[in-house]
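Student: First, the structure itself, so that you have it in front of you.
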Amino acid sequence: QRGDYAHFMEKEIFEQPAALENTMRGRFAADGSTTQFGGLNLSADELRQVDRLLLCACGTAWHACLVAKHLIERFAGLPVEVDYASEFRYRNAPLSPRTLCVVMSQSGETIDTLAALREAQRKGHRVLAITNVVGSTIAREADGGIYQHAGPEIGVASTKAFTSQLLVGAMLALHLARLRSLSFNDGADYVAALRAVPQLVRQALEQAPHIAQIAARYVQAADMLFLGRLALFPIALEGALKLKEISYIHAEGYPAAELKHGPIALISEACPSVFFVTRGELFSKVLSSMQEVKARRGKIIAICTTGLELPADLADEVIRIPDCHEAVLPIVATIPVQLLSYYMARELGCDVDKPRNLAKSVTVE
Ligand code: F6R
């Protein structure tokens, strides 16, 4: 039931603090420095033998895999490859024997992801599945896995299932990292950051009325660019996908520095850009990408962590999100792009829960 919400998508966006709470329940080890999972069916020793990961998925789940890759490489030091399930199944990917394959599918029924799982198993690999639907085909055929426990998702555009996939990816990265070189203290900080996620998401959701006003000012856009760096590049892709799916406004996501290699040709008053701006070594680089847009009269919506000063007149709109640990920032940064697409689509009178041409689970090739 939708209750007081206009659409299931809106309800599911606002349910995210609770969904994320459920994803984490019972999954912290007693020592407070790592995560634990009941269904991996791999011992700690077997996990230490893994020297590479292959993550396969489609659509939104593929974006979640890109974030997981960033965190696993950064914290566990393991090389990770991410593939579209539909491509993996047909290309002859050489997999070394110690590669661990992981497929990610909210529904657990996506045919391409299921085919990728079977292909990896055929080649002798154990495959873990990250799914939201208990007893789904992918969950049953996998050799082990992690359930998202985000609750049923009705809206066709994935919201709470996506953030819970991001969270599972972050939790898996910590688990792998603590079996390798990550220190107890860094593990404990990471755990504290994970535990804070529902509250951080609640804070990000408080921007909803502000974002609704911004959305109303940009519905005439013909195209839109979403730009982010490192772990926020996949969130830029996700923002663009969400906007396309439900509002039919053409949008693309890029790493901000790629602007000058082509997409900058699109910049005009009719093509606003959404930038993720966070502290760190790339802050000044992102600012210079914003200046390139501004110089071409492009409008800028900045999604910016609290405490960062932006030069006056650089951004036309600023949406604040709480500053937080790198492992959870992608989750928090997703909230404003979900809300922005939702309110833009609503403003345009689109059928948000049932966008044209889309189905909730894609069981045809
Ligand atoms: C977009 C969306 C799709 C799905 C994709 C994979 O909002 O929902 O891109 O993410 O079809 O679905 P699952 O995760 O069920 O395999």
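Student: Mind pulling the angle between the C-alpha long axis of helix 160-178 and the longest principal axis of the chain? Nearest 10 degrees, somewhere in 0 to 90.
Tutor: Long axis of 160-178 versus the principal axis of the chain: about 50 degrees.
Student: Right, something else. Within 10 Å, count the other beta carbons around each residue, average over each peptide in 8-17, 197-206, 22-31, 164-173, and list them highest first. Before the final figure, lay out the partial values.
Tutor: Working: 8-17: 22.5, 197-206: 19.4, 22-31: 14.8, 164-173: 27.6.
Taking the mean over residues of other Cβ atoms within 10 Å, the ranking is 164-173, 8-17, 197-206, 22-31.
Student: Assuming R0 = 51 Å, what is the FRET efficiency of Leu179 and Ser268, from their Cβ-Cβ distance, to the nearest 0.05?
Tutor: Rounded to the nearest 0.05, the efficiency is 0.50.
Student: List the relative contact order of the range 300-346 as a percent without decimals, with contacts defined as Cα pairs under 8 Å and 6+ residues apart. Spell out each step's value before the answer.
Tutor: Details: 38 pairs, mean separation 16.0, N = 47.
Contact order relative to length: 34 percent.
Student: Okay, next question. Could you calculate the contour length gain from Asn357 to Asp4, that is, 0.36 nm times the residue separation minus the distance between their Cα atoms, to one decimal place in nm?
Tutor: 124.4 nm
Student: Moving to a separate point now. If you stretched the chain out fully between Asp316 and Ser96, how much longer would it get, using 0.36 nm times the residue separation minus the C-alpha to C-alpha distance?
Tutor: Full-extension gain reported as 74.3 nm.
Student: If you line up the long axis of helix 329-347 against the longest principal axis of the chain, both from Cα atoms, how many degrees apart are they, to the nearest 10?
Tutor: Computed tilt is about 50 degrees.
Student: Here's something else I'd like to know. Over the chain, what is the percentage of antiparallel beta bridges among all DSSP beta bridges, to the nearest 5?
Tutor: 5
Student: Please list, in chain and number order, the residues 5+ apart from Gly253 or on another chain whose amide H is under 5 Å from its amide H, with Hs placed from the backbone.
Tutor: Amide H neighbours of Gly253, under 5 Å, 5+ apart: Phe226.
Student: Under unit Cβ charges (Lys, Arg +1; Asp, Glu -1), what dipole magnitude, rounded to 20 debye, does the chain have relative to its Cα centre?
Tutor: 380
Student: Then there is this: Under the 0.36 nm per residue contour assumption, what length would be gained going from the current alpha-carbon distance of Arg25 and Glu281 to full extension?
Tutor: Here the segment from Arg25 to Glu281 would lengthen by 88.8 nm.
Student: Still on this structure, please answer the following. With a/c under 1.5 counting as rounded, go ahead and sort the range 185-327 into rounded, prolate or oblate using the C-alpha gyration tensor (a ≥ b ≥ c being the square roots of the eigenvalues; past the cut-off, prolate if a/b is larger than b/c, else oblate). Don't skip to the end; give the middle numbers.
Tutor: On the way: a/c = 1.77, a/b = 1.48, b/c = 1.20.
It comes out prolate by the Cα gyration axes.
Student: Then there's this: Percent relative contact order of the chain, based on C-alpha pairs within less than 8 angstrom and at least six residues apart?
Tutor: On the way: 730 pairs, mean separation 72.8, N = 365.
Relative contact order here is 20 percent.
Student: Given contacts defined as C-alpha pairs under 8 Å and at least six residues apart, what's the relative contact order of the range 1-131, whole-number percent?
Tutor: Values: 150 pairs, mean separation 28.3, N = 131.
Result for the range 1-131 is 22 percent.
Student: Amide H neighbours of Ile303 under 5 Å, at least 5 residues apart or on other chains, H built in the peptide plane: list them.
Tutor: Phe275, Phe276, Val277, Ile319
Student: Once Lys and Arg get +1 and Asp and Glu get -1 on their Cβ, which of His125, Leu47, Ser273 lies farthest toward the positive end of the dipole of the chain?
Tutor: His125
Student: Relative to the longest principal axis of the chain, what angle (0 to 90°, nearest 10) does the C-alpha long axis of helix 111-122 take?
Tutor: For 111-122 against the chain, the angle is about 30 degrees.
Student: Compute the separation of the alpha-carbon centres of the range 80-103 and the range 113-174 and state it in Å as a whole number.
Tutor: Value for the Cα centre distance between the two parts: 15 Å.
Student: Give me the one-decimal nm value for the distance between modelled label points at Leu47 and Arg122, 7 Å along each residue's Cα-to-Cβ direction.
Tutor: With each label point 7 Å from Cα toward Cβ, the separation is 3.0 nm.
Student: Answer rounded, prolate or oblate for the range 55-212, using the Cα gyration tensor with square roots of eigenvalues a ≥ b ≥ c: rounded when a/c is under 1.5, else prolate when a/b is larger than b/c, else oblate. Each step should come with its number before you reach the end.
Tutor: Details: a/c = 2.03, a/b = 1.24, b/c = 1.64.
Judged from the Cα gyration tensor, the range 55-212 comes out oblate (a/c at least 1.5, b/c at or above a/b).
Each value in this text was obtained by applying a stated rule to the coordinates, not by laboratory testing. Because the structure is predicted, anything quoted here is derived from the model rather than measured. Every residue, glycine as well, gets a Cβ built from its backbone with ideal geometry; the counts of neighbours run over all protein chains shown.
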